[in-house]
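The values are calculated or read from the model by the stated rules, or taken from the named source; none is laboratory data. Here the structure is a predicted model, which is why all the values come from computation and not from measurement. Note: ideal-geometry Cβ built from the backbone for every residue, glycine included; neighbour counts use all protein chains shown. Remember, those area values only see protein heavy atoms, side chains included, never the ligands or the DNA or RNA. Shrake-Rupley method; radii C 1.70, N 1.55, O 1.52, S 1.80 Å.
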Amino acid sequence: MENIIDKTYSEAVKELDEEILNDCDVWYNYVLNLPKVQQVAYTVIFLNWQIENGGFHQYFFNSYGQFAYLAIKNLKLIKAPQRADLLDSATHLVNEEYFTEDKFRHLIFNREFSKIVDFDDLLFDQLNELDDKYYELEEENVNDLLQQYLDNYE
């Protein structure tokens, strides 16, 4: 039997296709307009997968970073404030020019942040430090917190 996280994630992605994924605004609006539980599952799961598999740099490099501001809110919603703070710190490091959220999303999606695309050493090292802190946060188990959040919604 499928668990609630897998079920919610599957529902969230069932209508995603290449056409949607290839258009920054359409993809973002698709996720933004999902039912809240699906949006939370989608943004939190992808953040966690990306960090676990390659860190914050990979999260931003692979265009999922366009959802960073949304993921920060959703991490707080599932009661993962320390992880939200780490993502917030990472986002500020990447977006040190303080672009608007919309401009930031487009720069990430289109791989136009040169310091991400060109693997800027200083930024890479700073993000690596945040990765380490993320991995050490055992008291905020994302899967458990997401599970609790989804269980309370049913």
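Quick notes
- Selected residue [in contact with a helix residue (DSSP H, G or I) (Cβ under 9 Å, 6 or more places away or on another chain), on the phi > 0 side of the Ramachandran plot and of a type in the set (D, E, K, R)] from LYS79, LYS73, LYS36: LYS79
- In the set (1) open to solvent by 30 Å² or more (accessible area, probe 1.4 Å); (2) farther than 23 Å from VAL142 by Cβ; (3) without any contact (Cβ under 8 Å) to a residue 60 or more places away in the chain, HIS106 fails one condition alone, (3).
- Scanning the range 115-134 for residues that are closer than 22 Å to LEU77 by Cβ and open to solvent by 60 Å² or more (accessible area, probe 1.4 Å) yields a single hit, LYS133.
- ASP151 assigned to a helix (DSSP H, G or I), touching a helix residue (DSSP H, G or I) at 6+ places or on another chain (Cβ under 7 Å), at pLDDT below 95 and open to solvent by 30 Å² or more (accessible area, probe 1.4 Å): yes
- Filter result (closer than 22 Å to VAL37 by Cβ, in a helix (DSSP H, G or I) and either touching a Gly at 6+ places or on another chain (Cβ under 7 Å) or open to solvent by less than 10 Å² (accessible area, probe 1.4 Å) (or both)) within the range 73-101: ASN74, LEU75, ALA84, LEU87
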